């Protein structure tokens, strides 16, 4: 990236040097144009002065035509140089825009990367939270199932114990009745001799 920036800066310096040289050349051609324009004016004065001289009229006319051609050529060159200068300025502007876009793109990419990373981290936290909640729900369900099995076993054990106790109580009552019946029978037997 840095090498690309240096290359763009060197290119920009090269274009600046080219533009400066073009401007100097344009100034020199303008000066030459002004000099030639002065020569044309001088030649025109000579033509006016020499109109009286018929033999020199054709020479002066040829000089004027040649000078005008040079002026036209210089004007054409000046226009070409001006167009080239304008094109170089426009190209430099476009290069600057490209350079700014080249510099701006990594910044925008970095900002987008930060945003995507933050979204990824948020999603990762959400996934972890959901995973933890799901695991907690499974543990709660397993714990509830274990408690239910233990409660059912306890109820069954208590039912068995109650049944055994009822059997023991029933047997105890039966024995007590039998003992009472026996003791009443013995008491009768014991009481009978007393009445006698």
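Structural remarks
- In the set 100, 171, only one residue is out of contact with any strand residue (DSSP E or B) (no Cβ under 8 Å at 6 or more places or on another chain), at negative phi and at pLDDT below 90; that residue is 100.
- Residue in segment 71-92 that is over 30 Å from residue 16 (Cβ atoms), out of contact with any helix residue (DSSP H, G or I) (no Cβ under 6 Å at 6 or more places or on another chain) and in a helix (DSSP H, G or I) present: yes
The values are calculated or read from the model by the stated rules, or taken from the named source; none is laboratory data. Computed from a predicted model, the values in this text were never measured in an experiment. Cβ coordinates were reconstructed from backbone atoms using ideal geometry, including for glycine residues, and neighbour counts include every protein chain displayed.
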